[in-house]
Amino acid sequence: VNPKDGTLTLPKSVEDTRIVRHIADLPETLSSLGLRMCTGLILDSRCEGLLFSEPTDGAVPLTRPASLGADGSVTHPVPGVRHQFIAPVSRSLVQKNKNMLLIKRVPAGSDERLINAAVYMAATQPGYRYISTHNKINFIDTKAENEEMTPRLVFGLFCLLHSTIYDRYVSIVNKSRQINAKEFRNLPLPPRNLIENMGMRLMDARSTSVKTCDSIVNLSL
(Lines give C-alpha, C1' and ligand atoms only; values in the text may rest on other atoms or scores of the structure.)
Protein backbone atom coordinates (compact mmCIF):
# COMPACT_ATOMS: atom_id res chain seq x y z
CA VAL A 1 0.00 0.00 0.00
CA ASN A 2 1.38 3.37 -1.02
CA PRO A 3 1.40 5.55 2.14
CA LYS A 4 1.12 8.74 0.04
CA ASP A 5 -2.12 8.01 -1.82
CA GLY A 6 -3.37 4.66 -0.53
CA THR A 7 -3.07 2.89 -3.87
CA LEU A 8 -2.64 -0.88 -3.75
CA THR A 9 -0.06 -2.84 -5.75
CA LEU A 10 -0.25 -6.63 -5.98
CA PRO A 11 3.06 -8.06 -7.29
CA LYS A 12 2.72 -11.53 -8.84
CA SER A 13 6.18 -12.82 -7.95
CA VAL A 14 9.19 -12.30 -5.73
CA GLU A 15 10.95 -10.61 -8.66
CA ASP A 16 8.01 -8.21 -9.12
CA THR A 17 8.17 -7.34 -5.41
CA ARG A 18 11.91 -6.66 -5.67
CA ILE A 19 11.41 -4.36 -8.66
CA VAL A 20 8.57 -2.40 -7.01
CA ARG A 21 10.53 -1.88 -3.80
CA HIS A 22 13.71 -0.91 -5.65
CA ILE A 23 12.08 1.71 -7.89
CA ALA A 24 9.72 3.01 -5.17
CA ASP A 25 12.73 3.94 -3.01
CA LEU A 26 14.11 6.39 -5.58
CA PRO A 27 13.95 9.98 -4.31
CA GLU A 28 12.71 12.13 -7.21
CA THR A 29 9.66 12.61 -9.44
CA LEU A 30 9.12 14.67 -12.58
CA SER A 31 7.78 17.54 -10.46
CA SER A 32 10.74 17.61 -8.07
CA LEU A 33 13.03 17.71 -11.11
CA GLY A 34 11.22 20.76 -12.49
CA LEU A 35 9.56 18.74 -15.24
CA ARG A 36 5.98 18.05 -16.25
CA MET A 37 4.08 15.48 -18.26
CA CYS A 38 1.21 16.63 -20.43
CA THR A 39 -1.18 15.02 -22.87
CA GLY A 40 -0.85 15.89 -26.54
CA LEU A 41 -2.99 18.79 -27.72
CA ILE A 42 -4.77 17.63 -30.86
CA LEU A 43 -7.95 15.61 -31.28
CA ASP A 44 -8.75 15.15 -34.97
CA SER A 45 -12.49 15.49 -34.39
CA ARG A 46 -12.04 19.00 -32.98
CA CYS A 47 -9.76 20.26 -35.73
CA GLU A 48 -11.77 19.76 -38.88
CA GLY A 49 -10.41 21.89 -41.70
CA LEU A 50 -7.16 22.65 -39.86
CA LEU A 51 -5.28 19.41 -40.64
CA PHE A 52 -3.11 18.90 -43.72
CA SER A 53 -1.18 15.96 -45.14
CA GLU A 54 1.46 18.14 -46.80
CA PRO A 55 3.41 21.21 -45.59
CA THR A 56 1.21 24.25 -46.11
CA ASP A 57 2.02 27.93 -45.64
CA GLY A 58 1.67 28.73 -41.96
CA ALA A 59 1.02 25.12 -40.87
CA VAL A 60 3.27 23.48 -38.25
CA PRO A 61 4.34 19.82 -37.78
CA LEU A 62 1.92 17.59 -35.88
CA THR A 63 3.58 14.57 -34.30
CA ARG A 64 1.38 11.48 -34.28
CA PRO A 65 1.95 8.09 -32.60
CA ALA A 66 3.14 6.66 -35.93
CA SER A 67 6.13 9.03 -35.70
CA LEU A 68 7.49 7.25 -32.60
CA GLY A 69 9.85 4.45 -33.63
CA ALA A 70 10.57 1.31 -31.62
CA ASP A 71 14.20 2.43 -31.44
CA GLY A 72 13.30 5.67 -29.66
CA SER A 73 13.54 7.88 -32.74
CA VAL A 74 10.97 10.41 -33.97
CA THR A 75 10.28 10.54 -37.72
CA HIS A 76 8.36 13.38 -39.31
CA PRO A 77 6.70 13.27 -41.71
CA VAL A 78 5.93 9.54 -41.85
CA PRO A 79 5.22 8.31 -45.41
CA GLY A 80 1.63 7.28 -45.95
CA VAL A 81 0.26 8.92 -42.78
CA ARG A 82 -2.35 11.64 -43.25
CA HIS A 83 -2.75 14.94 -41.39
CA GLN A 84 0.78 15.51 -40.07
CA PHE A 85 0.50 19.31 -40.21
CA ILE A 86 -1.91 21.69 -38.50
CA ALA A 87 -2.83 25.34 -38.98
CA PRO A 88 -2.01 27.17 -35.71
CA VAL A 89 -5.17 29.29 -35.62
CA SER A 90 -5.17 29.20 -31.81
CA ARG A 91 -2.38 29.20 -29.21
CA SER A 92 -4.08 26.19 -27.62
CA LEU A 93 -3.26 24.11 -30.69
CA VAL A 94 0.52 24.51 -30.53
CA GLN A 95 3.47 24.31 -28.16
CA LYS A 96 7.01 25.67 -28.31
CA ASN A 97 9.45 23.63 -30.36
CA LYS A 98 11.53 22.28 -27.46
CA ASN A 99 13.50 19.15 -26.59
CA MET A 100 11.00 16.63 -25.21
CA LEU A 101 10.46 12.99 -24.39
CA LEU A 102 7.40 11.60 -26.19
CA ILE A 103 5.44 8.57 -24.95
CA LYS A 104 2.55 6.71 -26.54
CA ARG A 105 -0.51 6.87 -24.29
CA VAL A 106 -1.90 3.59 -25.62
CA PRO A 107 0.53 0.96 -26.93
CA ALA A 108 -0.35 -0.47 -30.33
CA GLY A 109 -1.23 -4.15 -30.61
CA SER A 110 2.16 -4.78 -32.22
CA ASP A 111 4.11 -3.06 -29.42
CA GLU A 112 5.95 -5.50 -27.18
CA ARG A 113 6.38 -2.96 -24.38
CA LEU A 114 4.00 -0.97 -22.22
CA ILE A 115 6.26 2.11 -22.31
CA ASN A 116 7.01 3.29 -25.84
CA ALA A 117 9.13 6.43 -25.54
CA ALA A 118 11.03 8.46 -28.12
CA VAL A 119 13.49 11.35 -28.00
CA TYR A 120 12.41 14.54 -29.76
CA MET A 121 15.11 17.14 -30.37
CA ALA A 122 13.94 20.63 -31.37
CA ALA A 123 16.84 20.88 -33.83
CA THR A 124 15.17 18.29 -36.08
CA GLN A 125 12.55 20.92 -37.01
CA PRO A 126 14.77 24.03 -37.28
CA GLY A 127 12.31 26.01 -39.38
CA TYR A 128 9.55 25.99 -36.79
CA ARG A 129 9.17 27.98 -33.59
CA TYR A 130 6.03 26.01 -32.71
CA ILE A 131 4.92 22.42 -33.26
CA SER A 132 2.03 20.28 -32.04
CA THR A 133 1.39 16.80 -30.64
CA HIS A 134 -1.50 14.39 -31.05
CA ASN A 135 -3.74 13.53 -28.10
CA LYS A 136 -2.60 9.89 -28.16
CA ILE A 137 0.88 11.02 -27.10
CA ASN A 138 2.10 12.24 -23.72
CA PHE A 139 5.12 14.54 -23.62
CA ILE A 140 7.63 15.44 -20.91
CA ASP A 141 9.28 18.85 -20.87
CA THR A 142 10.12 21.60 -18.38
CA LYS A 143 7.49 23.25 -16.19
CA ALA A 144 8.89 26.67 -17.12
CA GLU A 145 7.96 27.53 -20.70
CA ASN A 146 11.13 29.59 -21.21
CA GLU A 147 13.39 26.68 -20.17
CA GLU A 148 14.35 23.53 -22.06
CA MET A 149 15.65 20.10 -21.16
CA THR A 150 19.24 19.43 -22.12
CA PRO A 151 19.87 16.55 -24.53
CA ARG A 152 21.58 14.57 -21.77
CA LEU A 153 18.48 14.88 -19.56
CA VAL A 154 16.13 13.81 -22.37
CA PHE A 155 18.33 10.86 -23.27
CA GLY A 156 18.71 9.96 -19.58
CA LEU A 157 14.95 9.84 -19.08
CA PHE A 158 14.62 7.81 -22.27
CA CYS A 159 17.30 5.40 -21.02
CA LEU A 160 15.31 4.83 -17.84
CA LEU A 161 11.91 4.41 -19.48
CA HIS A 162 13.29 2.25 -22.30
CA SER A 163 14.89 -0.13 -19.81
CA THR A 164 13.37 -3.48 -18.87
CA ILE A 165 13.15 -2.70 -15.15
CA TYR A 166 11.07 0.46 -15.68
CA ASP A 167 8.80 -1.20 -18.23
CA ARG A 168 8.27 -4.04 -15.73
CA TYR A 169 7.63 -1.58 -12.88
CA VAL A 170 4.97 0.35 -14.80
CA SER A 171 3.30 -2.86 -15.97
CA ILE A 172 3.10 -4.02 -12.33
CA VAL A 173 1.69 -0.83 -10.82
CA ASN A 174 -0.43 0.30 -13.78
CA LYS A 175 -4.07 -0.76 -13.80
CA SER A 176 -4.53 -0.77 -17.58
CA ARG A 177 -2.71 -0.68 -20.91
CA GLN A 178 -3.36 3.06 -21.17
CA ILE A 179 -0.70 5.19 -19.48
CA ASN A 180 -2.09 8.43 -18.12
CA ALA A 181 -0.11 11.53 -17.24
CA LYS A 182 -0.94 11.32 -13.52
CA GLU A 183 0.75 7.93 -13.14
CA PHE A 184 3.90 9.23 -14.80
CA ARG A 185 3.94 12.34 -12.63
CA ASN A 186 4.24 10.05 -9.59
CA LEU A 187 6.84 7.75 -11.16
CA PRO A 188 9.89 7.46 -8.84
CA LEU A 189 13.12 8.66 -10.47
CA PRO A 190 16.78 8.86 -9.47
CA PRO A 191 18.58 12.20 -8.85
CA ARG A 192 19.07 14.53 -11.83
CA ASN A 193 22.86 14.09 -11.94
CA LEU A 194 22.43 10.32 -12.21
CA ILE A 195 19.83 10.68 -15.00
CA GLU A 196 22.07 13.06 -16.93
CA ASN A 197 25.03 10.73 -16.50
CA MET A 198 22.98 7.90 -17.98
CA GLY A 199 21.99 10.19 -20.84
CA MET A 200 25.60 11.03 -21.65
CA ARG A 201 26.54 7.36 -21.60
CA LEU A 202 23.64 6.51 -23.90
CA MET A 203 24.60 9.24 -26.38
CA ASP A 204 28.23 8.05 -26.31
CA ALA A 205 27.07 4.48 -26.96
CA ARG A 206 25.35 5.60 -30.18
CA SER A 207 22.70 2.95 -29.57
CA THR A 208 19.21 3.26 -28.12
CA SER A 209 18.42 -0.46 -27.90
CA VAL A 210 16.79 -1.97 -24.83
CA LYS A 211 19.98 -3.98 -24.28
CA THR A 212 22.10 -0.81 -24.18
CA CYS A 213 19.64 0.97 -21.86
CA ASP A 214 19.53 -2.07 -19.57
CA SER A 215 23.30 -2.19 -19.28
CA ILE A 216 23.47 1.50 -18.36
CA VAL A 217 20.49 1.50 -15.97
CA ASN A 218 21.45 -1.73 -14.21
CA LEU A 219 24.91 -0.36 -13.47
CA SER A 220 23.60 3.03 -12.33
CA LEU A 221 20.66 2.22 -10.05
Practice item. For Val1, indicate whether it is without any contact (Cβ under 8 Å) to a residue 12 or more places away in the chain and surrounded by fewer than 16 Cβ atoms within 10 Å (Cβ to Cβ). Key: yes
Practice item. Name the single residue, out of those in the stretch 104-124 being closer than 22 Å to Arg201 by Cβ, of a type in the set (A, V, I, L, M) and in a loop (DSSP other than H, G, I, E, B), that is most open to solvent (accessible area, probe 1.4 Å). Key: Met121
Check your understanding: Does any residue in the stretch 41-59 that is free of Cβ contacts under 8 Å to residues at least 40 places away in the same chain come within less than 8 Å, Cβ to Cβ, of a residue that is among the acidic types (Asp, Glu) and in a helix (DSSP H, G or I) six or more places away or on a different chain, and which pairs are these?
Key -> Leu51/Asp44
**Study point:** In the stretch 39-81, the residues that are exposed (fewer than 15 other Cβ atoms within 10 Å of the Cβ), outside any loop (DSSP other than H, G, I, E, B) and under 13 Å from the mean Cα position of the chain (by Cα)
**Key:** Thr39
Review point. Taking into account only those residues within the stretch 125-172 that are among the β-branched types (Val, Ile, Thr) and part of a helix (DSSP H, G or I), which is surrounded by the fewest Cβ atoms within 10 Å (Cβ to Cβ)?
Key: Thr164
Review point. Any idea which residue in the stretch 183-202 is surrounded by the fewest Cβ atoms within 10 Å (Cβ to Cβ), counting only those that are more than 17 Å from the chain's Cα centre (by Cα) and touching a residue at least 12 places away in the same chain (Cβ under 8 Å)?
Key: Pro191
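The values are calculated or read from the model by the stated rules, or taken from the named source; none is laboratory data. Here the structure is a predicted model, which is why all the values come from computation and not from measurement. We place every Cβ from the backbone using ideal geometry, glycine too, and count neighbours over all the protein chains shown. For accessibility, only protein heavy atoms count, side chains too; no ligands or nucleic acids. Shrake-Rupley method; radii C 1.70, N 1.55, O 1.52, S 1.80 Å.
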